[in-house]
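Structure, as structure tokens:
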Amino acid sequence: MNALKKLFGGNTRQFGMIFALVALIVFFQIATGGNTLTPGNVINLFNGNSYILILAIGMVLVIIAGHIDLSVGSVAAFVGVSVALMIQDWGIPWYLGILFGLLLGVLIGAWQGFWTAYVGIPAFIVTLAGMLLFRGFNQFVGKSNTIPVPADFQYIGSGYLPEFGPVTGYNNLTLLLGLAGVAFVIVSEIRSRRKAKSLGAEVPEAWVTVTKLVLICGAILYATYLFATGRPGTSFPIPGLILAVLVLVYGFISSKTIVGRHVYAVGGNRHAAELSGVQSKKVNFLVMMNMSILAGLAGMIFVGRSTASGPFDGVGWELDAIAAVFIGGAAVTGGVGTVIGSIVGGLVMAVLNNGLQLLGVGADLTQIIKGLVLLIAVAFDVYNKSQGKRSIIGMMMKNFGRGNEIKPDETTSTKEVIAKEA
Amino acid sequence: MQMIGKAGKAAAIAAIAALALTACGRSDSGTSGGASSGAEAFPKDSSIGVALPQKTSENWVLAEKLFNDGLKGAGFKADVQFANGGVSEQQNQISAMVTKGAKVIIVGAIDGAQLGTQLKQAKDAGATIIAYDRLLLNTPNVDYYVAYDNFKVGELQGQALLDGMKAKKPSGPYNIELFAGSPDDANAKVFFDGAMKVLQPKIDDGTLVVKSGQKTFEQAVTQGWKAENAQRRADTLLAGSYGSASLDGVLSPNDTLARAVLTSVKAAGKPLPIITGQDSEVESVKSIMAGEQYSTINKDTRKLVEHAITMVKDIQAGKTPEINDDKSYNNKVKTVPAYLLEPVIVTKENVKTAYVDDPVLGPLTK
């Protein structure tokens, strides 16, 4: 027990989620007779969910800041159809199309941010209006038709890394990415240990770190192996790559930068944040704008994957993204949540969906199961918090001190400390 | 510093072990390609995927049951899925079918142009793809198309309208109004064009008069196939153009819209016009028995599913499935070989024989 504590030390909430994800994968791997962890299926998993996960990144920031965004599906659809039309009618190259799509996202985001932050209308209302507004724009601009996009644009939604270098029987770029990921994990762990030491904080014993690293690196390498050994011509998919970059960037912004910390401050206690000199209006504006930019990106990726833009793209995406964020441990009241957590939450839903489809469970039952999972995951969290406990694993380790937590993702603790002191 | 050494070593060992354990690299399985003639193309107990759209109408629920029973009866593993969550769910379902090794995938698309990536994936894995009821567009990766002949549906509707009005009033001119389906459904235009092939010459020679002047598809459309939209348009037309004139006939693309128009006519206190329909909905069959709606179209789902399953059996046996149209259905990339079933027009005259085998509609005609 002591060893386990040390291994998962500090980051219990997140490890609980990851543990649930792993359990789910193992369960489906057995139940589907080995169909879950095949190269083809893991590639499908990322291709088919990357746009939802990208939305979840934006959504967690919105929710941390204490808002909600219901318009993301419509915004995604509007940006998707606009870009598809522009490429079709004006013949602009794909990269200009993407650039324009992001720009459109900025404009839409500025619109919603303006009403939310500066006029002070609740984001729920602003984005409810946006949901109607941009769905209408989508169907108006596209005349409710399906608009195809050319093959080079499809690359962002369904493309793979090129084959390059010697023939190894693997996709070489995927291997390189995997090794880079391993190197990154190791280096950042070592740096955080060093930093903890220099600050005089307690550092876990070397074997704990090594075991943890072996587990994480093993997982990364196994994933790399799966991605690199798919059908020739496939690799780690491009939408997955975009997602990975965004996770790194937003993980860093939310936990390490001033702007990122301000989002938590505003969401946790707006007045306290303002009194401490945080410009809450600016923070709210940026958070809403960022969400629309990411929604635009997700819409374009989906259009690329679908090879065409359609009048009902993005219907219900906002709810998928919101579900991912809440399963990932964010609080409805704001101030709590992490990017990584939301991604894990989104993956839980994705694996569940994929596994149930592989089992051939009908769409009706799938919805029932997903609904229950969402409710139970959040209920579990709420119950534990109301009991002053953190989670099952946290409960088992309640004697385990907080002294050595120098984890980049551990953002919940500050809020909880504030809450307890208040 | 000593720790770095340890961690580094451990990672390196893990890396080497992972690669060494699995040094086989890529497998080339799953690219067996098309059917070779004569021999069985794939084992008889293979998985067959059926991806259907939203479970919104009786037709699709019936199709699900028929596919399940029919494929299992033939010895296949049936994998029938509905995509209630929309296009993205259908995409994931098709991917999952490929993962499960489906040898034939039958696709009733929500949007026929948004599945290109998944169809390519299926094709690369060696599956045969059959478009069911709705054509798959903008992709080379579709092998067959099986559906009812929708242009023929339109022609039958147009002819029924003419026949019905003639029976009621031996000579023209007749006042008619035109209704079409939703513009985002590729079939809607086909129905309309089929009907207009019959009606246009009569409009040109003055036998038929469209009093509102709304004769084009764009003017006649009904967004989303929604009854409320058709009813609102009918209200407007009646108030605008039929204050004193009588409305003799209405071209309606399906039963739901036909009943909506009839509701509007009744509300306006006008005599009921001859009106066409399609789909053999229960309410409309009752309406035909009562002498209100004039005609509907019988597109028996049983026959359509039966033929799709026959195609699967042929493909399994290494034979080329029977087709009866190899030039009409161009999906913008290739001309898809199609098997078209003949729709049947149903009026009060033949309603008893038309549904004699139908367990639901049969009793209604007694």
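Every number here is computed from the coordinates shown, using simple stated rules; none is lab data. Worth saying up front: this structure is predicted, and the values here are computed from it rather than measured. Here the Cβ is made from the backbone with ideal geometry for all residues, glycine too, and neighbour counts use every protein chain on show.
Dipole magnitude for chain A: about 1160 debye, using +1 per Lys or Arg Cβ and -1 per Asp or Glu Cβ, origin at the Cα centre.
Taking A:GLY200, A:GLY268, A:GLY337 as the candidate residues, the one with maximal mean-square fluctuation in a Gaussian network model of chain A, Cα springs under 10 Å, is A:GLY200. Restricting region B:38-72 to GluC sites (Glu not before Pro) that sit in a DSSP loop and have at most 14 other Cβ atoms within 10 Å of their own Cβ leaves B:GLU40. As a length-normalised measure over Cα pairs under 8 Å and 6 or more apart, the relative contact order of chain A settles at 34 percent. Sequence-ordered 3J(HN,Hα) estimates for region B:234-240 from the Karplus curve with 6.51, -1.76 and 1.60 and θ = phi - 60° stand at 5, 3, 5, 4, 5, 5, x Hz, glycine and proline given as x. Using alpha-carbon positions, what is the distance between the centroids of region A:224-277 and region B:44-101, in Å? Each part's Cα centre sits 37 Å from the other's. The Cβ shell under 15 Å around B:ILE94 holds other residues with a net charge of +1, Lys and Arg each +1, Asp and Glu each -1.
Near B:GLN219: Cβ cut-off under 15 Å, other residues only, Lys/Arg at +1 and Asp/Glu at -1. The net charge is +3.
Compared with the alpha-carbon gap, the fully stretched path from B:THR236 to B:LYS303 is longer by 20.2 nm at 0.36 nm per residue.
Please report, in debye to the nearest 20, how large the charge dipole of region A:160-236 is about its Cα centre when each Lys and Arg carries +1 at its beta carbon and each Asp and Glu carries -1 there.
On the way: 7 positive and 4 negative charges, 48 e Å.
Dipole about the Cα centre, nearest 20: 220 debye.
Computed over chain A with a Gaussian network model linking Cα atoms closer than 10 Å, the most mobile of A:VAL141, A:VAL79, A:VAL361 is A:VAL361. Ranking B:PHE191, B:SER241, B:LEU137 by Cα position along the charge dipole of the protein assembly as shown, where only Lys, Arg, Asp and Glu carry charges on their C-beta atoms, puts B:LEU137 farthest toward the positive end.
Report the extension gain between A:THR333 and A:SER198 in nm, rounded to one decimal, defined as 0.36 nm multiplied by the number of residues separating them, less their alpha carbon distance. Don't skip to the end; give the middle numbers.
On the way: separation 135, 0.36 × 135 = 48.60 nm, distance 3.62 nm.
So the chain would gain 45.0 nm between A:THR333 and A:SER198.
Peptide A:76-85 is shielded by partner chain Cβ atoms: per residue, an average of 0 of them sit within 10 Å of its Cβ.
Pull up the DSSP beta bridges for the protein assembly as shown and report the antiparallel fraction as a percent, rounded to 5. It would help to have the intermediate numbers written out before the result.
Details: 9 of 38 bridges.
Antiparallel bridges: around 25 percent, rounded to the nearest 5.
For B:SER244, the shell of other residues with beta-carbons less than 12 Å away shows a net charge of +2, using +1 for Lys and Arg and -1 for Asp and Glu. The mean sequence distance of close C-alpha pairs (under 8 Å, at least 6 residues apart), as a share of the length of chain B, puts its relative contact order at 17 percent. Distance from the C-alpha centroid of region B:286-319 to that of region B:179-223: 25 Å, rounded to the whole angstrom. Around the Cα centre of chain B, unit charges on the Cβ atoms of Lys, Arg, Asp and Glu (plus for the first two, minus for the last two) sum to a dipole of about 560 debye.
Could you list the residues of region B:280-321 with an amide nitrogen less than 12 Å from a label point located 7 Å from the Cα of B:ASP69 in the Cα-to-C-beta direction? Under cut-off, by backbone N: B:302-303, B:306. A straight line joining the Cα centroids of region B:112-161 and region A:99-150 runs 33 Å. Which is farthest toward the positive dipole end of chain B among B:GLN81, B:SER280, B:LEU71, measuring Cα position about the Cα centre, with Cβ charges +1 (Lys, Arg) and -1 (Asp, Glu)? Positive-end residue among those listed: B:GLN81. Positive-end ranking of B:VAL261, B:GLN118, B:VAL250 along the dipole of chain B, with charges on Cβ about the Cα centre, is headed by B:GLN118.
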